[in-house]
1. Can you find a residue in the stretch 62-69 that is part of a loop (DSSP other than H, G, I, E, B) and either among the hydroxyl-bearing types (Ser, Thr, Tyr) or more than 28 Å from residue 2 (Cα to Cα) (or both)?
2. For the stretch 78-86, check the following and say yes or no: at least one residue is closer than 29 Å to residue 12 by Cα, in a loop (DSSP other than H, G, I, E, B) and not β-branched (Val, Ile, Thr).
3. Among the residues of the stretch 93-109, which ones are under 14 Å from residue 51 (Cβ atoms) and either assigned to a loop (DSSP other than H, G, I, E, B) or touching a Cys at 6+ places or on another chain (Cβ under 7 Å) (or both)?
4. Determine, yes or no, whether residue 2 is loosely packed, with under 10 Cβ neighbours inside 10 Å, within 30 Å of residue 108 (Cα to Cα) and outside the structural domain of residue 115 (by TED's automatic domain parsing).
5. For the stretch 51-75, what are the residues that are surrounded by fewer than 19 Cβ atoms within 10 Å (Cβ to Cβ), among the aromatic types (Phe, Trp, Tyr) and within 11 Å of the chain's Cα centre (by Cα)?
Amino acid sequence: IERGKNYGWPIATHGINYSGLPIPEAKGKIVEGTVGPQHVWEKSPGLSGMAFYDSDRFKPWQHNVFIGALVGQELIRLQFDGDKVVHEERLLGELNKRIRDVRQGPDGYLYVLTDEDDGALYKVGLKQPL
């Protein structure tokens, strides 16, 4: 994100209203004079909560972004090369739980909170070689 740039909302969008109808102000996905997105989900996974991973505990995750998904019911990991997304991975789908929030703890693990009346808190990490 750069100061003073026009990122288009709501005239340039890939999105739709919650009703399924188009955004009334939208003029298309790409509109002259606006900066387009670098990564798009044509069908929203229902993003909720995001953490930038900067711990030394799990080196393969350094500088990755982790995003909770309410609709997708998973944790999304985005890997970057500079400012470009080069890999996307879906994690924790086997839980069948809406992911409300994700945070990096001071111990380098990720903590994932689910979105139910009896929601759970999960500690997430990579298997380390012994």
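1. no
2. Looking for residues that are closer than 29 Å to residue 12 by Cα, in a loop (DSSP other than H, G, I, E, B) and not β-branched (Val, Ile, Thr), one finds at least one in the stretch 78-86, hence yes.
3. Selection gives 105, 106, 107, 108, 109.
4. yes
5. Scanning the stretch 51-75 gives a single hit, 52.
The values are calculated or read from the model by the stated rules, or taken from the named source; none is laboratory data. Owing to the predicted nature of the structure, the values given are computational and were not obtained by experimental measurement. We place every Cβ from the backbone using ideal geometry, glycine too, and count neighbours over all the protein chains shown.
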